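S.K.: The structure is given below, and queries will be raised subsequently.
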Amino acid sequence: MNVSDILLLQAFEAPVFLNVPALIDFIARFAFNFIVAYAIIRWIYYPVHKNKDYFFTYFLFNIIIFLLCYMMRNTQLEIGVAFGLFAVFSILRYRTMNVSIMDMSYLFVVIAIGVVNSLSNERVSIMEVILANILIVVIIYVMERVWLVRHASSKVVVYEKIENIRPENRDKLIADLRERTGLNV
């Protein structure tokens, strides 16, 4: 090793050599986290809501939160940092958008799954983590597909005829929307 290698090691304060058990732990946790997030986002959320923007966003939030928490899990601030990250990320992107409660709920779930799967330690058994994830997936599935069967649907329409939005022109507005969409508005 030369002097620059030693200085680089001191700067990062990280081990140089590959720690195989730690790498296997990371890969296994990441794969498990991704599978759970995929099940929730692709098999439960997307078939019902069909929102590709949130589909992508949920995966990114889950992966980034998982990686941040996993890399920082040996610090003394484990839980505080995790909840702080949740608060910052959930407010940062969505504070100015009109996001539905359902979409915010899914955002909370994918962030929480990333935190749970990255921060579990020797005090929590692998089986407890797996069961917690399965429980989350099953509850979301039951709530979304069985109990919360939607009887009405909604569609966002960008409407340019401002004069029809007035209360006195309600009949014109409804007639125009029926004609444009072909739906019984």
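Let's see how each residue does on (1) open to solvent by 40 Å² or more (accessible area, probe 1.4 Å); (2) at pLDDT 90 or above; (3) of a type in the set (S, T, N, Q); (4) part of a helix (DSSP H, G or I):
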site	(1), (2), (3), (4)
Ala37	no, yes, no, yes
Ile40	no, yes, no, yes
Trp43	yes, yes, no, yes
Val48	yes, no, no, yes
Phe55	yes, no, no, yes
Phe59	no, yes, no, yes
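S.K.: Still on this structure: Here is a check on your reading of the model: is Ala31 out of contact with any strand residue (DSSP E or B) (no Cβ under 7 Å at 6 or more places or on another chain), modelled with pLDDT of 95 or more, exposed (fewer than 13 other Cβ atoms within 10 Å of the Cβ) and not aromatic (Phe, Trp, Tyr)? Quick ask: steps written out before the conclusion?
M.R.: Working: out of contact with any strand residue (DSSP E or B) (no Cβ under 7 Å at 6 or more places or on another chain): yes; modelled with pLDDT of 95 or more: yes; exposed (fewer than 13 other Cβ atoms within 10 Å of the Cβ): yes; not aromatic (Phe, Trp, Tyr): yes.
So Ala31 passes the test.
Yes/no matrix, rows are residues, columns are (1) closer than 26 Å to His49 by Cα; (2) loosely packed, with under 12 Cβ neighbours inside 10 Å:
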{"residue": "Asp103", "(1), (2)": "yes, no"}
{"residue": "Val110", "(1), (2)": "yes, no"}
{"residue": "Val116", "(1), (2)": "yes, no"}
{"residue": "Val124", "(1), (2)": "no, no"}
{"residue": "Ala132", "(1), (2)": "yes, no"}
{"residue": "Met143", "(1), (2)": "yes, no"}
{"residue": "Val146", "(1), (2)": "yes, yes"}
{"residue": "Thr181", "(1), (2)": "yes, yes"}
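The values are calculated or read from the model by the stated rules, or taken from the named source; none is laboratory data. Because the structure is predicted, anything quoted here is derived from the model rather than measured. Reconstructed Cβ throughout: ideal geometry from the backbone, glycine too, with neighbour counts over all protein chains shown. We work out accessible area using only protein heavy atoms, side chains counted, and drop any ligands, DNA or RNA first. Shrake-Rupley method; radii C 1.70, N 1.55, O 1.52, S 1.80 Å.
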